[in-house]
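See structure below.
The values are calculated or read from the model by the stated rules, or taken from the named source; none is laboratory data. Values in this document were obtained by computation on a predicted structure and should not be read as measured data. Virtual Cβ from ideal backbone geometry, glycine too; neighbours counted across all protein chains shown.
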């Protein structure tokens, strides 16, 4: 089973107006959505960069409690993602549903200024993740519907690179604010709210409601996507394989926050430098997202996707057994960023090649929901393992599970063997043509 087709069918890449000629490398809708994601990620990553330290050191949360909260933080987004994808396909307005999601996330940022205990913080984070869940599938559907089939990996790579630029700038902004502000955490939350509002404004003004589709436009006579049609997607063998493998690998993918906490404890990085750790991951992701997407379009998305998980497994091995030398943080963060570059845009590009355009957001949501729910379970399990066993055994169990999961995924997603060709039969004395 291919992870995705390597290239578009013949003739898929025409000019935007349907005529002959070369198309732009990246559609304007993709660039506009990338700008929205860039601005929004500055806001989100400002909060994410300081959140583990704020909860564990500031509010005194245990690793088990943080694992539960981090799992809820991502699990809510996963459950809502199905709703967002289905609604976008049903009303045939992906921008509207994505805009609601971006707006809800922006409204939650100032609420963090009022939440100073675990309960209120958990509620605000759940609402913020609800917004993220609503917008993810419609946004990715807009990207795929604006791009030829053979350039999906590159388009998602460009979007993820712009998104990661925000992820790179967000922690840096949080670090600078914490360095100069008296009430550092509140200042971070306040600035984050203003930046999030700017992202919503960019979406409203510059993202088209209907992308300049490179494929045939939707037929108005076709009924809107219903629950029966959405459930029918699960009968597609390729989509089932993608969803199953993404979920299986997600069960053994330790959350970013835990990776940074483990790296801090292993190397003794001071608390004031902790918000800069995501910068290493983001910088590598930014540099490699577009090349990795283009490589996946060219050599096959299965190969690139599985290679990313091998790189993540190598990062786990370094955290477990490598000496705590000054180079260790750089190596781990580089491998972490390479993992995301090889997987984060490649997976939705693969899904987009398996589902019809009328159900594109729903198909993306099915795979994304399964993966996010699996990572929710991993956060809970890893937090419990850390609390009761310690960091070493917990990470060893995750690494062993990731190795087994990658082996299973490599087998399930392998290309099917070409059917044997039957020799042509001869008649009388005539030879084979």
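Check off (1) modelled with pLDDT of 70 or more; (2) buried (at least 16 other Cβ atoms within 10 Å of the Cβ); (3) closer than 24 Å to residue 363 by Cβ for residue 6 and give me the number that stays unchecked.
Only one criterion is unmet by residue 6, namely (1).
Anything in segment 408-433 that is loosely packed, with under 11 Cβ neighbours inside 10 Å and modelled with pLDDT of 90 or more? List them, or say none.
411
Does residue 341 fit the bill of being surrounded by 22 or more Cβ atoms within 10 Å (Cβ to Cβ), within 15 Å of the chain's Cα centre (by Cα) and part of a helix (DSSP H, G or I)?
It is true that residue 341 is surrounded by 22 or more Cβ atoms within 10 Å (Cβ to Cβ), within 15 Å of the chain's Cα centre (by Cα) and part of a helix (DSSP H, G or I).
As an exercise: evaluate residue 174 against (1) in contact with a helix residue (DSSP H, G or I) (Cβ under 8 Å, 6 or more places away or on another chain); (2) farther than 22 Å from residue 91 by Cα; (3) surrounded by fewer than 24 Cβ atoms within 10 Å (Cβ to Cβ); (4) at pLDDT below 90 and give the number of the one condition it does not meet.
Tallying (1) in contact with a helix residue (DSSP H, G or I) (Cβ under 8 Å, 6 or more places away or on another chain); (2) farther than 22 Å from residue 91 by Cα; (3) surrounded by fewer than 24 Cβ atoms within 10 Å (Cβ to Cβ); (4) at pLDDT below 90, residue 174 fails exactly one: (3).
Among 221, 213, 225, which is under 16 Å from residue 82 (Cα atoms), at pLDDT below 70 and outside any helix (DSSP H, G or I)?
225
Residues in segment 262-277 that are part of a helix (DSSP H, G or I) and either touching a strand residue (DSSP E or B) at 6+ places or on another chain (Cβ under 9 Å) or surrounded by fewer than 21 Cβ atoms within 10 Å (Cβ to Cβ) (or both): how many?
Selection size over segment 262-277: 8.
Would you tally the residues in segment 289-303 being over 20 Å from residue 162 (Cα atoms) and part of a helix (DSSP H, G or I)?
5
Failed condition for residue 381, given (1) modelled with pLDDT of 90 or more; (2) over 26 Å from residue 299 (Cα atoms); (3) surrounded by fewer than 18 Cβ atoms within 10 Å (Cβ to Cβ), with all others met?
(3)
Only one residue in 136, 165 is at pLDDT 85 or above, within 15 Å of the chain's Cα centre (by Cα), surrounded by fewer than 24 Cβ atoms within 10 Å (Cβ to Cβ) and under 21 Å from residue 282 (Cα atoms). Which one?
Matching residue, one of 136, 165: 165.
When you look at residue 391, is it surrounded by fewer than 16 Cβ atoms within 10 Å (Cβ to Cβ) and within 26 Å of residue 265 (Cβ to Cβ), yes or no?
No.
Given the conditions (1) more than 23 Å from residue 47 (Cβ to Cβ); (2) surrounded by fewer than 24 Cβ atoms within 10 Å (Cβ to Cβ); (3) under 16 Å from the mean Cα position of the chain (by Cα), which single one is not true for residue 76?
So residue 76 meets the others, but not (1).
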